[in-house]
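Everything below concerns the one structure shown next.
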Amino acid sequence: MHIREFQQLIDRMYSDKDRARGSAKTFLWFAEEVGELASAIAGKTDRANLEEEFADVLAWLVTLANVEGVDLERALTKFTGGCPGCGEIVCRCTAKMT
Ligand SMILES: [Mg+2]
Ligand SMILES: [Zn+2]
């Protein structure tokens, strides 16, 4: 599945509720899922739950993009030509090493 197809699927499933809720409240749901992912990464849950939390975070990020009218597949083209910092496919930037 392409990112665009996933975004369209999420839009079809949830767009009415998402637009009624709005960006600010949707962002809070996204943040809650990021917290759940943090707990899963910290090993507080099992492997199946870790996978589930990655899915939840991505779905809520896609939801936010829908509410904001952002085409994520188009936005992601900033990475398709290489690292946005150094332009290389294998990044040579020294920032964010830790
Ligand atoms: Mg979750
Ligand atoms: Zn780089």
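The values are calculated or read from the model by the stated rules, or taken from the named source; none is laboratory data. This structure is a prediction, so every number in the text was calculated from the model and none was measured. Positions of Cβ are generated from backbone atoms using ideal geometry, with glycine treated the same way; all protein chains shown enter the neighbour counts.
Summary of values
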{"read-out": "Where Val57 falls short, out of the listed (1) in a helix (DSSP H, G or I); (2) without any contact (Cβ under 8 Å) to a residue 24 or more places away in the chain; (3) aliphatic (A, V, I, L, M)", "value": "(2)"}
{"read-out": "Selected residue [touching a residue at least 60 places away in the same chain (Cβ under 8 Å) and part of a helix (DSSP H, G or I)] from Glu73, Glu33", "value": "Glu73"}
{"read-out": "Odd one out for Met13 among (1) modelled with pLDDT under 95; (2) part of a helix (DSSP H, G or I); (3) not β-branched (Val, Ile, Thr)", "value": "(1)"}
{"read-out": "Of residues in region 25-84 being closer than 19 Å to Phe6 by Cα and among the polar types (S, T, N, Q), the one nearest to the chain's Cα centre (by Cα)", "value": "Thr63"}
{"read-out": "Residue in region 17-25 that is in a loop (DSSP other than H, G, I, E, B) and at positive phi present", "value": "yes"}
{"read-out": "Pairs, first outside any loop (DSSP other than H, G, I, E, B) in region 76-98, second more than 9 Å from ligand 2 (Cβ to nearest atom), C-beta under 7 Å, six or more apart", "value": "Leu76/Ile3"}
{"read-out": "Members of region 47-98 that are of a type in the set (Asp, Glu) and in contact with a helix residue (DSSP H, G or I) (Cβ under 9 Å, 6 or more places away or on another chain)", "value": "Glu51, Glu52, Glu53, Asp56, Glu68, Asp71, Glu73"}
